[in-house]
Amino acid sequence: MTTPTRESCVELDVKDPLAGFRDDFVIPDGVIYLDGNSLGVLPAHTASRIEHVVTQEWGQGLIRSWNDAGWFDKPRTLGDRVGALVGAGPGQVVVCDSTSINLFKALAAALTLRPDRHAVVGDRDNFPTDLYMMEGATGSHHERRLISADGPTLADVLDEQVAVVVLTQVDYRTGRMYDMAAVTAQVQAAGALMIWDLSHSVGAVPVDLDGCGADFAVGCSYKYLNGGPGAPAFIYVASRHQDAATQPLAGWHGHARPFEFTDSYEPAPGITRFLVGTPPLLSYAGLEASLEIWDRVDMAALRAKSLALTDLFIELVESRVPDHVEVVTPRDHAVRGSQVSLRHEDGYAPMAALIERGVIGDFRAPDLMRFGFTPLYVGYADVWDAVDVLADVLESGVWREARFATRNAVT
Ligand SMILES: *Cc1c(COP(=O)(O)O)cnc(C)c1O
């Protein structure tokens, strides 16, 4: 294999079947954005969509828009469209609340389906809110068992006491990916229920929730989906569980007949019972605008480019700065998401130096420089240019300058 050059990368961009999507997004001049795994970029027509919702649907339609503009059904209509991106048939996904809150609802519902079991399993390396929500939703009634990459393994902790297992498919730090079908089958064979967090999967890798027989799933829409800062999250509950599963946040939008205003809660049939209160419609408008792009995306083509971009990044990093960083993301395609993380003795300061030069990734404590690859708007020459800047930052030692040492509140 010949070493890539900038010219060969430009060549790949010319032949890229997804290249046209870049025009659907606003990329600031001078920026190579490798942080779409944390906050996706702005789609080109989001501002006009939100303006329409503000000036027309709200300004002119006023309260009539709950019916006329489909506001009341947005959690379900957008839910079906997000569901299509994660292999969920209609009627199993609603868009609502945050990932943290949806995880709480999924956990509480799953526990009601396994009342005789008193343990829950999580991953020590999971995103903290997932671990915290497990503590919050289970209290002292359940033993919390944590697996990790260094052991114990799932096989070590699964027994007839385990009610629920919560895992994030793609690890937010390392980019390591679980085999969803195999893990789901393993968990269910032990009689437990499986909750998948798809925050780093949706819009990043092909997912087949129905095909895997998953029980519950949750995820964000502001990362790879580009729904906008704080855009509403989603929750999936497999059809077979919907009638038996109840969740404790018994709000009126999850009621069977919300406009009868009765004095007692009765859960709606189907996925609607997982709704809580009034949806933030201005945020839904941002997600709806981005879904107009996602409705046109072929996930197999997206995955192929994602792997090509991450392969290219790894190869260039290893050929140019092997002595400065260690690639911690797996080489094996089967277990790699759409990000690459590099371990560096400092991590924070070199990332700050990269950001100053327009190459935006992020830092994850204690020592990881994290780069997300979003195939709809990142190209091969971008990868080449980003590694070029990285090599300069690391080799020149510029990152040691004092101004890069002060940590911001958000890293
Ligand atoms: C980003 C992320 C979240 C975020 O949860 P919020 O409630 O939106 O703050 C949760 N879980 C995982 C695994 C994430 O990566």
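Taking the Cβ of Gly254 as the center, what net charge do the other residues with Cβ under 15 Å away carry, scoring Lys and Arg +1 and Asp and Glu -1?
After counting each charged neighbour, the total is 0.
The residue among Gln56, His200, Ala352 whose Cα reaches farthest toward the positive pole of the charge dipole of the chain, with charges on the beta-carbon of Lys, Arg, Asp and Glu, is Gln56.
Where nothing but the Cβ of Lys and Arg (+1) and of Asp and Glu (-1) is charged, how large is the charge dipole of the stretch 320-390 around its Cα centre, in debye to the nearest 20? All intermediate terms of the calculation are to be shown ahead of the outcome.
On the way: 7 positive and 11 negative charges, 50 e Å.
So the dipole magnitude of the stretch 320-390 works out to roughly 240 debye.
Computed about its Cα centre, the charge dipole of the chain is approximately 680 debye, with only Lys, Arg, Asp and Glu carrying charge at their Cβ. Contact order for the stretch 48-294, expressed relative to its length and based on alpha carbon pairs under 8 Å spaced 6+ residues apart, stands at 23 percent.
Near His45: Cβ cut-off under 12 Å, other residues only, Lys/Arg at +1 and Asp/Glu at -1. The net charge is -4.
For Lys15, the solvent-accessible surface computed with a 1.4 Å probe is close to 140 Å², ligands and nucleic acids excluded.
Quick one: which of 393-399, 84-90, 212-218, 226-232 comes out on top by average Cβ neighbours within 10 Å, and what's the full order, highest first?
Working: 393-399: 16.1, 84-90: 19.4, 212-218: 25.6, 226-232: 22.9.
For the peptides 393-399, 84-90, 212-218, 226-232, the packing ranking is 212-218, 226-232, 84-90, 393-399.
Of the trypsin sites (Lys or Arg not before Pro) found in the stretch 95-200, the ones in coil according to DSSP and having at most 14 other Cβ atoms within 10 Å of their Cβ are Arg124. Database remark: amide H of Leu193 closer than 5 angstrom to the amide H of Val164, Val165 (H placed geometrically; neighbours at sequence offset of 5 or more, or on other chains; Pro and chain starts carry no H). State log₁₀ I(q)/I(0) for the stretch 345-404 at q = 0.19 Å⁻¹ as given by the Debye formula over alpha-carbon point scatterers of equal weight, solvent excluded. Each listed q corresponds, in turn, to -0.67.
Could you sort Met177, Met133 by accessible area so the largest value comes first, with the probe set to 1.4 Å?
On the way: Met177 25, Met133 50 Å².
The residues order as Met133, Met177, largest area first.
Could you work out the equivalent-ellipsoid semi-axes for the stretch 48-294, taking the square root of 5 times each eigenvalue of the Cα gyration tensor, largest first, in whole Å?
Details: eigenvalues 200, 87, 41 Å².
With the √(5λ) rule applied to the stretch 48-294, the semi-axes are 32, 21, 14 Å.
Which helices pass in the chain if a helix is a full DSSP H run, must span at least 30 angstrom along its long axis by Cα, and must have mean Kyte-Doolittle hydropathy not below -1.0? Span-like helices in the chain: 299-320. Roughly to the nearest percent, how much of the accessible area of the chain is carbon and sulfur, given a 1.4 Å probe? Heavy-atom surface of the chain belonging to carbon and sulfur, 1.4 Å probe: 55 percent. Near Arg176: Cβ cut-off under 12 Å, other residues only, Lys/Arg at +1 and Asp/Glu at -1. The net charge is -2.
Please give the per residue accessible area of the chain, computed with a probe of 1.4 Å over protein heavy atoms only, in Å². Before the final figure, lay out the partial values.
Values: 17000 Å² over 411 residues.
Ligands and nucleic acids excluded, the result is 41 Å² per residue.
Computed from the alpha carbon positions, the gyration tensor of the stretch 290-411 leads to an equivalent ellipsoid with semi-axes of 26, 16, 13 Å, biggest first.
The values are calculated or read from the model by the stated rules, or taken from the named source; none is laboratory data. For clarity, every value in this text was computed on a predicted model and none was experimentally measured. Cβ atoms come from the backbone with ideal geometry, glycine included; neighbour counts cover every protein chain shown. Just the protein is used for accessible areas: all its heavy atoms, side chains included, with ligands, DNA and RNA removed. Shrake-Rupley method; radii C 1.70, N 1.55, O 1.52, S 1.80 Å.
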